[in-house]
Every structure is written in structure tokens, then in C-alpha cells.
Amino acid sequence: MNYAHNILETIGNTPLVRLNELTNEIEALVLAKVESFNPGNSVKDRMAIKMIEDAETSGLLKPGGTIIEGTSGNTGMGLALGAIVKGYRLVCVINDKQSKEKIDILRAVGAEVVVCPTNVEPQDPRSYYSVSKRLAEETPNSWYVNQYDNLANTAAHYEQTGPEIWEQTDGKITHFVVGVGTGGTISGVGRFLKEKNPRIKVWGIDTYGSVFKKYHETGVFDENEIYPYITEGIGEDILPKNVDFSVIDGFTKVTDKDAAIYTRKLARQEGIFAGNSAGAAVKGLLQLKEHFKKDDIVVVLFHDHGSRYVAKMFNDDWMRDRGFLESDIKTAADLVSR
Ligand code: PMP
């Protein structure tokens with residue numbers, strides 16, 4: 001018989017899939033690491049379980065304890081799977097920019113969800129950073145995960161995601177391209193790959209409204225770079241400890257509109273139904289195309305699944321309301337007039 005003893009054992013070993021249409025202006029082989037194949041439908045399952053196990057080992061998380069985290073959804077899903085299998089309570093603090101689906105999904109897997117306003121300073125007592133910290137202080141036998149500064153996040157990708165990519169490409173990978181939020185994925189994978197072959201280039205995808213690109217280029221934390229944006233999962237208004245700038249060769253920024261459009265193209269042209277940061281990653285990869293030569297092997301990582309964005313980037317009305325659809329059929333009359 002061949003079965004997993006619980007759902008956590010099915011995390012990882014996700015497929016690497018060649019992109020055939022969207023990147024055909026690039027001569028290099030472009031391969032996507034499709035992380036929606038994880039049981040929680042995102043890469044974050046990996047680091048969520050690693051962070052729980054690390055906290056168990058260090059004694060921060062005790063039997064019957066409560067896990068508390070400020071999460072945009074995917075980490076919450078991974079933590080929820082861990083909490084169910086290992087018998088913990090989970091409270092997720094989320095900001096109101098996140099899709100309703102993400103909140104509903106978290107509740108579906110038993111998490112308690114607290115929603116906070118997005119457009120307040122991180123130091124504001126209403127921000128999801130502040131609320132999650134306060135809940136952790138006030139709840140007995142609780143552990144505050146802090147995926148931004150918890151280095152078990154990066155370690156998960158150093159131990160799993162990086163080695164998988166190295167093995168799946170027979171060590172031939174030349175470039176790694178990935179969206180950056182907490183920084184765990186790029187730092188863990190990047191560090192592993194560069195230890196194997198220092199010539200591998202690592203590119204981060206950032207968004208307009210985030211501090212990473214400017215900080216990487218100038219060493220200056222520029223508050224003028226910070227403003228509200230729509231793209232989900234990438235970019236920050238803080239510098240998380242998990243971002244190891246020393247393994248990152250450069251960043252490129254992708255607009256909200258391009259990220260949304262390329263998320264849709266990925267579904268329609270490649271049949272890969274992935275999340276918003278995957279669209280940003282593909283567009284960013286195209287922006288970087290002069291860096292890739294014919295025999296290069298470029299791996300791009302797609303963090304999560306498209307189902308979480310059906311009411312957003314995959315919805316024509318939502319796209320039109322933001323001016324993201326240039327031409328479209330709105331009514332039956334438009335259809336006839338074409
Ligand atoms: N995309 C999505 C959809 C995410 O949830 C995250 C995590 N915030 C990222 C990209 C960025 O990954 P990381 O936190 O490892 O930098």
C-alpha cells in the first residue's frame with residue numbers, strides 16, 4: 001500500500017512545468033515550479049509546518065497551545081493544516097485588502113480570523129502587525145509565529161524548495177526568479193542554489209508601493225516608495241529579517257495592472273491557474289529578458305492557486321472597475337456590433 005499518514009506528508013515535491021506560450025520571446029528554457037500542488041494550494045505550507053516544528057522543538061509551542069499569526073491567507077492555510085493534524089488552536093489576523101475567498105477558506109479549515117484595516121501604519125494599534133502581537137501577549141499558552149522575522153521560514157526553502165529545484169533541473173538551473181514578500185522563498189532557495197553554484201543569478205519580483213528594489217539598490221529605506229497597491233502576496237513596507245539581500249542579484253517592479261493581466265494570461269495561455277504573484281513573476285521575467293541567453297535554464301516559482309482570485313483578477317467587472325481591461329465585451333449589444 002502507498003499512502004500518506006496525514007495531509008502534511010503530501011507537502012512538497014511539486015512539479016516543474018515548461019512555459020510554452022507566454023515566454024516564447026525568451027530563447028532560454030523557462031520552467032515554472034507550480035506550488036499550488038501543495039495540499040493548502042500554496043508554497044507556504046512548507047514554511048508553516050517548518051515554523052511549527054521549530055517552535056515545538058524550541059519549546060515555544062506547547063501541547064494544546066494557540067498559534068497566532070498576522071497572515072495574508074496562504075501562511076494561514078499552511079498553519080491551519082499543521083494545527084489540525086497536531087492539535088492546536090489557530091487565530092489568523094488578516095488585513096482587509098485580502099480576497100474574501102482567502103478569509104472564507106481559512107474559516108473553512110477551522111481558523112479564527114480577525115480582519116484589520118490595510119491603510120494604516122504598521123505601528124498603528126489597528127494594524128495587523130500590532131493586533132497580532134497584542135493578541136499573542138494576551139492569550140495564555142500562545143505562540144506568535146511572525147513569518148517576517150522567523151528564520152524557520154527561510155530554512156524551509158533552504159531545506160526543501162531549493163534542493164527540489166536543483167534536482168529537478170539536474171543542477172543546470174542558471175537563473176531563479178520569484179516574488180518577494182516575507183523573503184523566505186527567495187532567501188532560502190537563493191542561498192541553497194548559490195552554495196551549489198555561485199554563478200546562478202537570483203532575481204526578486206517587487207511591486208510599485210514596496211521598499212525592496214530601492215533598498216537593494218541604494219541601501220536606503222525610502223518611505224516615499226510606500227503607497228497602497230493591489231498586487232497580493234509580494235512587496236512590503238517593512239524590511240523582514242527573512243529577506244537576505246546578499247543572495248539577491250536584483251529586483252524588478254511590476255505594476256498592478258500588468259500583474260493582473262499576466263495572471264489571466266497564465267491561465268488562458270498555459271492552462272496554469274495560479275495566483276496574482278505568479279502573474280507578476282511572469283511579467284517580471286519578461287522585463288528581465290535581456291539577462292537570459294539561449295542555453296540558460298530559468299526557473300520561476302508560482303506561489304499559489306488561482307481559485308483565491310476568482311472574484312478579483314479573474315473577474316471582468318473587477319478588472320474593468322480598475323481600468324485593467326483595455327477592450328472588452330460588456331453587453332450583448334457590444335457582441336453584435338463586433
Ligand atoms: N505570493 C503569494 C501569493 C504569497 O502569499 C507570498 C507570501 N507572502 C509571496 C508571494 C511571497 O513569498 P515570500 O513570503 O516567501 O517572500
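Points to keep in mind about this one:
- Filtered by the rule that a residue be out of contact with any Leu (no Cβ under 8 Å at 6 or more places or on another chain) and within 13 Å of the ligand (Cβ to nearest atom), region 192-204 gives a lone residue, 204.
- Residue in region 231-251 that is closer than 29 Å to residue 99 by Cβ and away from the ligand (no atom under 16 Å from the Cβ) present: no
- Residue list for region 57-94, restricted to those being surrounded by fewer than 19 Cβ atoms within 10 Å (Cβ to Cβ) and either in contact (Cβ under 8 Å) with a residue 12 or more places away in the chain or closer than 15 Å to residue 144 by Cβ (or both): 58, 59, 60, 62, 63, 64, 84, 85, 86, 87, 89
- Region 34-47 residues that are among the acidic types (Asp, Glu), paired with ones that are within 9 Å of the ligand (Cβ to nearest atom) (beta carbon under 8 Å, 6 or more apart): 35/42; 35/43; 35/301; 35/302; 35/303; 35/304
- Residue among 279, 190 that is small (Gly, Ala, Ser), in contact with a strand residue (DSSP E or B) (Cβ under 9 Å, 6 or more places away or on another chain), over 29 Å from residue 325 (Cβ atoms) and in contact (Cβ under 8 Å) with a residue 12 or more places away in the chain: 190
- Conditions (1) part of a helix (DSSP H, G or I); (2) in contact with a Gly (Cβ under 9 Å, 6 or more places away or on another chain); (3) of a type in the set (Val, Ile, Thr); number of the one not met by residue 177: (1)
- Look at (1) closer than 23 Å to residue 153 by Cβ; (2) in contact (Cβ under 8 Å) with a residue 60 or more places away in the chain and you find that residue 286 fails only one, number (1).
- Test: residue in region 233-256 that is in contact with a Gly (Cβ under 7 Å, 6 or more places away or on another chain) and closer than 14 Å to residue 299 by Cβ: no
- All positions within region 205-218 that are away from the ligand (no atom under 15 Å from the Cβ), part of a helix (DSSP H, G or I) and not acidic (Asp, Glu): 214, 218
- Matching residues in region 260-276 - criterion: being in contact (Cβ under 8 Å) with a residue 12 or more places away in the chain, part of a loop (DSSP other than H, G, I, E, B) and of a type outside the set (A, V, I, L, M): 273, 275
- Checking 257, 241 one by one, the residue that is surrounded by fewer than 24 Cβ atoms within 10 Å (Cβ to Cβ), of a type in the set (D, E, K, R) and part of a loop (DSSP other than H, G, I, E, B) is 241 and no other.
- Tabulated pairs, region 223-248, first without any contact (Cβ under 8 Å) to a residue 12 or more places away in the chain and β-branched (Val, Ile, Thr), second away from the ligand (no atom under 12 Å from the Cβ) and part of a loop (DSSP other than H, G, I, E, B), C-beta under 8 angstrom, 6+ apart or interchain: none
- Of the residues making up region 115-154, those that are at pLDDT 90 or above and of a type in the set (Asp, Glu) are 124, 137, 138, 149.
The values are calculated or read from the model by the stated rules, or taken from the named source; none is laboratory data. Since this is a predicted model, take the numbers as computed values, not measurements. Methodologically, a virtual Cβ is constructed for each residue, glycine included, from the backbone with ideal geometry; neighbour enumeration extends over all protein chains shown.
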